[in-house]
1. Could you grab the Rg to Rh ratio for the range 285-345? Cα atoms only, Kirkwood for Rh.
2. How big, in percent, is the set of alpha carbon pairs in the range 292-434 lying more than 17 Å apart?
3. Using the Karplus equation 6.51 cos²θ - 1.76 cosθ + 1.60 (θ = phi - 60°), what ³J(HN,Hα) coupling, rounded to whole Hz, does each residue of the range 247-260 give in order, writing x for Gly and Pro?
4. Taking amide H positions as placed in the peptide plane 1.01 Å from N, state which residues far from D329 in sequence (5 or more) or on other chains have amide H under 5 Å from it.
5. Quick one: length gained pulling T25 to F390 fully straight, 0.36 nm per residue minus the C-alpha distance?
6. Give me a comma-separated list of calculated 3J(HN,Hα) values for the range 78-88, in order, Karplus coefficients 6.51, -1.76, 1.60 applied at θ = phi - 60°, integers in Hz, x for any Gly or Pro.
7. Using θ = phi - 60° and the Karplus form 6.51 cos²θ - 1.76 cosθ + 1.60, what ³J(HN,Hα) does each residue of the range 399-413 get, whole Hz, x for Gly and Pro?
8. Tell me the relative contact order for the range 37-160 as a rounded percent, counting alpha carbon contacts under 8 Å between residues six or more apart.
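The values are calculated or read from the model by the stated rules, or taken from the named source; none is laboratory data. Only a predicted model underlies this, so the values are computations on that prediction, with no experimental measurement involved. Reconstructed Cβ throughout: ideal geometry from the backbone, glycine too, with neighbour counts over all protein chains shown. Areas reflect the complete protein model, heavy atoms only, side chains present, ligands, DNA and RNA absent. Shrake-Rupley method; radii C 1.70, N 1.55, O 1.52, S 1.80 Å.
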Amino acid sequence: MSLIELYIPAIWRGVPFLVRDSGLTVGRRTAVHTYPYRDDPWPEDMGRGPRVMSFSARLVGDDVYLQRAVMAAACELEGPGLLVHPTLGPVRCSLVEPVTFRARGDAQREVQFELVLMQAGSRVFPNLLLNTQNAILVAAAAAVLTVARVLVTELSGVSSPSPVLSLGARNVASAWGALAGAVSRDPGAIASEGLGLPGQHGRYDQGMLAVSAPASATISTQRAAVVASRTELDDAVESLVATSSAVVAQPEDFATASRSVVAAIAGATISPADRIRLLSGLAAYQPYISSTTAPIGADLATVRSAVGAVLRRQALIGLAEAIEAASPDNAQTAQQILTTFVQLIDAEIIIAADNAESGAYDMLRTLRTAVVSDLSARGARLASLVSYSFNVRMPAIALAYRLYQDASRTRDLISRANAAHPLFMPTQFQALDQ
């Protein structure tokens, strides 16, 4: 028996090699905690340790350098690969240390190398497929392009140059734009200027739907930002009305202008809750379509219907983006937001189906699926609102510690109970169950 026949064969990524010595490292992952004035540390078990397989390997033969090139290519491939271990059998592994090939001068038909592999598991986190909020943004970006394409298709059959068509489109855009411009004067949105600011704001803290403001933010800076964004909204509405007059000739410009209005609304509302409420009204807008026997009546109805559809769908896209940005802190709120969105988008899906707009229909269905999946997944992990009743009025901080053993929940309790003063909480209110 030759010396080569004593070596054990193995295979890495389909490339055979000979094993002279092999090792297997196993065990547990342990985090050792030490404490002052305590002699014995606490070793915390963090789970099974990685299984590492090491080999003192070699390649032998007249074509040894060709084998080396093939093995080098296998070691440079990305991701895990299959190892056929001499004693463990097939194991899915990843290369964890660089490989150095050594060719000895007194052994021309032999190349030696060390191979260190680690058993690989499935990738669980992070996983983009589990990021349901990202799926909403992807669907919304595709929907914006689809809205413009559908508008071009709908208006391609309108050939009349009559100014009546421009006037009809302008009337629809003006009516919807007036509703959008009213966002900047909405009392609820104005009252939300203080949302997300550091500190205690009592009943004016609207739960966790508000986006936290920068630490340096104040009421003055928040108000200045909102005023500037309201000016941008007014300018966007004016641009929308102006481009609506030429919607038949330049439908892409009108689609872009309508998208700008939705983006301006997002900038003019600090709280995603206000944005959802206001965009919901815009998404339900229906222009008046008069029935007439005039020759131009059919084209006028087509233009007004197409313009109204674009405005509603842009509002729905903005509503989906607002839902992605919102952080509902209880299951009931998440369910309420989902119900509102589903009712609005289902109505628009029916309109697209009745008008045989297959592109709009598919786009709306995709957007609906993304939002439903996201809110269903996030809502399932949220706490529920329950009713609490006490015999006497108590301070909010005492209730926070009694209910949650956490005094930092005081701010949330005050806003939910709509307490006039944190020292005198109502005897009955709703709050999170955990």
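1. Details: Rg = 17.0 Å, Rh = 13.9 Å.
That ratio is 1.22, to two decimals.
2. Pairs farther apart than 17 Å: 69 percent.
3. 5, 5, 7, 9, x, 5, 5, 5, 4, 5, 5, 5, 5, 5
4. M208
5. Gain on stretching T25 to F390: 125.4 nm.
6. 7, x, x, x, 9, 10, 9, 6, x, 10, 8
7. Along the range 399-413, the couplings run 5, 4, 6, 5, 7, 10, 6, 8, 5, 6, 7, 4, 4, 5, 5 Hz.
8. Worked out over the range 37-160, it gives 26 percent.
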